[in-house]
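Remarks on the structure that follows.
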Amino acid sequence: MIKNYFRPKTIDELSELKLKTKGYLFSGGTDLFVKLRAGTIDTDTVIDTKYLNSKKIEITGNKLFIPINATYSELRMFIKQNNVNNMLENIVKTIGSPMIRNRGTPVGNISNASPAGDFVLASYLFNAQVIIEPTSRKLPVKNFIKGPGKIDLRENEFVYGIELEILNDYKFYFEKVGRRNAMIISIASLGLLLKEKDNKIKDIRIAFGSVAPYILRDENLEKSIIGETINEELFKHLAIEYQKLSLPITDVRATKEYRKSLVHNLVIKAYNNLFEKVVKE
Amino acid sequence: MIIKFKLNGKEIVKDVPVHKRALDFLRDDLGVLSIKEGCGEGECGACTILVDGKNIHSCLMLAVELDGKEVLTVEGLKDKTIQNAFVEAGAIQCGFCTPGFIISTKALLNENKNPSSEEIKEALEGNLCRCTGYLKIEEAVKLAVKMYNKGSDKE
């Protein structure tokens, strides 16, 4: 049961409290309060980060900065108003429900480091950098997340924000497979960003959620097809390669065999949606 | 911890234990009975309240987080258009989920005076109903829009 509740206002105050109390940080509570209720987290101390005097969502150069406490709804509004990384909206709008998006935060999602985290997938696609205070460390999200729920964070540190690349002229496909549209945790998900020139691949980024203990993205495989002609053959090759790379488990949501098939089929489906004129469902 | 906030336009100052959820505080201590506990984990939307104009789950919020906020529940809706539309469209049966739907509808119509079917579905995707089957609920929102538009024609 929660006995202590703190509202730090500065980075140092927050850091000292975290170190001293070993309490859990929360902004929206959409994850922490569910876990407290289920008993998967047991703590008597919570630290409310919403009183922290922090920056707002902003564009600096070719980066989109998302600070601690910025909600999904706020991010969605920002990308619409500023016409920046519009592709993100396709991911953000599938997260939870309006009530969850009004409270939940991208920084919270990254800090939870679930391989099913939809914003974790987004952060891999946009080569996110994680900004950590009070040490002012900055590291790529793929190095920050060490495994399911495991992150590179010292006891006095917390995630202050994330920085995403701003990408223009990319084709984008995102699909999350689940049992219903709202409130699902994905059985498998795929995000694909592709820049083309003369029907050849100039840049490609492919990431999968929920098909391995981490977000699956293979930069070597991506690099190996730069300059290749975009056609069905190429995507069939990718589908097989990613299927080999995936390491899914069987859980309450689906079996590993089903997830393996999804990895293959989502790649083909992404190709059909982006490049085939007639899409067969 | 002493908190101060506005509930349905009325100033409230109360000492609340830090572990108490906003849901339990509002319902049990302040008698706001429109707020229901369904799942208790942010899945069903029966506990939805408006905090500073945004619909959120009161089951996933601590009472101390209400400090300094403006809270609106069905009890505080002076304008009954949405409720009337739900009744007229037959969008209620057992009524357990209805206050949550009404608050989410209120949040939608505050931002968007003329929502499309898709926008209505998205705005209500976090509210579950086990009786009516959603079609009538969608119709009720459209009816509320119609009622508001008729009202503004008269003015």
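Just to be sure before I move on: is A:K138 within 13 Å of chain B (Cβ to nearest Cβ), surrounded by fewer than 23 Cβ atoms within 10 Å (Cβ to Cβ) and among the basic types (K, R) in the structure I sent?
So A:K138 fails the test.
Condition test on A:E58, is it within 11 Å of chain B (Cβ to nearest Cβ) and of a type in the set (D, E)? In short, no. When the range A:237-270 is filtered for residues that are of a type outside the set (A, V, I, L, M, F, W, C), touching a helix residue (DSSP H, G or I) at 6+ places or on another chain (Cβ under 7 Å) and either surrounded by fewer than 13 Cβ atoms within 10 Å (Cβ to Cβ) or more than 26 Å from A:F126 (Cβ to Cβ) (or both), the ones remaining, listed by number, are A:T250, A:K260.
Reported count of residues in the range A:71-114, each being of a type in the set (V, I, T) and closer than 17 Å to A:T49 by Cβ, is 4. Only residues that are within 14 Å of B:G100 (Cα to Cα), surrounded by fewer than 24 Cβ atoms within 10 Å (Cβ to Cβ) and within 9 Å of chain A (Cβ to nearest Cβ) were counted across the range B:49-64, and they come to 2. Scan the range A:25-39 and tell me whether some residue there is crowded, with 21+ Cβ neighbours inside 10 Å, on the phi > 0 side of the Ramachandran plot, within 14 Å of chain B (Cβ to nearest Cβ) and of a type outside the set (D, E, K, R). Yes; the residues of the range A:25-39 include at least one that is crowded, with 21+ Cβ neighbours inside 10 Å, on the phi > 0 side of the Ramachandran plot, within 14 Å of chain B (Cβ to nearest Cβ) and of a type outside the set (D, E, K, R). On the given criteria, is A:Q129 within 14 Å of another protein chain (Cβ to nearest Cβ) and within 19 Å of A:I166 (Cα to Cα)? It is false that A:Q129 is within 14 Å of another protein chain (Cβ to nearest Cβ) and within 19 Å of A:I166 (Cα to Cα).
Listed conditions (1) modelled with pLDDT of 95 or more; (2) surrounded by fewer than 24 Cβ atoms within 10 Å (Cβ to Cβ) are all met by B:Q93, apart from (1).
So how many residues does the range A:24-49 have that are in contact (Cβ under 8 Å) with a residue 24 or more places away in the chain, within 24 Å of A:N102 (Cβ to Cβ) and not β-branched (V, I, T)?
Narrowing the range A:24-49 to residues in contact (Cβ under 8 Å) with a residue 24 or more places away in the chain: A:25-31, A:36, A:43-49.
Filter again for within 24 Å of A:N102 (Cβ to Cβ), leaving A:25-31, A:36, A:46-49.
From what's left, not β-branched (V, I, T): A:25-29, A:31, A:36, A:48.
Of the residues in the range A:24-49, 8 are in contact (Cβ under 8 Å) with a residue 24 or more places away in the chain, within 24 Å of A:N102 (Cβ to Cβ) and not β-branched (V, I, T).
Considering the conditions (1) more than 23 Å from A:Y5 (Cβ to Cβ); (2) surrounded by 16 or more Cβ atoms within 10 Å (Cβ to Cβ); (3) touching a Lys or Arg at 6+ places or on another chain (Cβ under 9 Å); (4) more than 13 Å from every other protein chain (Cβ to nearest Cβ), B:K6 is excluded by exactly one of them, (1). Screening A:N156 on (1) in contact with a helix residue (DSSP H, G or I) (Cβ under 6 Å, 6 or more places away or on another chain); (2) within 14 Å of another protein chain (Cβ to nearest Cβ) shows it passes everything except condition (2).
Would you point out the residue of the range A:179-204, among those that are buried (at least 19 other Cβ atoms within 10 Å of the Cβ) and more than 17 Å from A:I215 (Cβ to Cβ), that is farthest from the other protein chains (Cβ to nearest Cβ)? This residue is A:L194.
Just checking: which of the helices (runs of 4 or more DSSP H) contained wholly in the range B:66-155 hold 1 or more residues that are closer than 22 Å to B:R27 by Cβ, within 14 Å of chain A (Cβ to nearest Cβ) and under 12 Å from the mean Cα position of the chain (by Cα)?
Details: elements: B:81-88, B:98-111, B:117-123, B:135-154.
Per the criteria, B:98-111.
Scanning the range A:50-71 finds no residues that are under 16 Å from B:K54 (Cβ atoms), without any contact (Cβ under 8 Å) to a residue 12 or more places away in the chain and surrounded by 14 or more Cβ atoms within 10 Å (Cβ to Cβ). Examine the range A:89-97 for a residue that is surrounded by 15 or more Cβ atoms within 10 Å (Cβ to Cβ) and farther than 25 Å from A:R179 by Cβ, and state whether such a residue exists. Looking for residues that are surrounded by 15 or more Cβ atoms within 10 Å (Cβ to Cβ) and farther than 25 Å from A:R179 by Cβ, one finds none in the range A:89-97, hence no.
Considering only the range A:9-20, I want to know if a residue exists there that is surrounded by 19 or more Cβ atoms within 10 Å (Cβ to Cβ) and either within 12 Å of chain B (Cβ to nearest Cβ) or small (G, A, S) (or both). Taking every residue of the range A:9-20 in turn, at least one turns out to be surrounded by 19 or more Cβ atoms within 10 Å (Cβ to Cβ) and either within 12 Å of chain B (Cβ to nearest Cβ) or small (G, A, S) (or both).
The values are calculated or read from the model by the stated rules, or taken from the named source; none is laboratory data. Note that the structure is predicted; figures quoted are calculated from it, not measured. Every residue, glycine among them, receives a Cβ derived from its backbone with ideal geometry; neighbour counts consider all protein chains shown.
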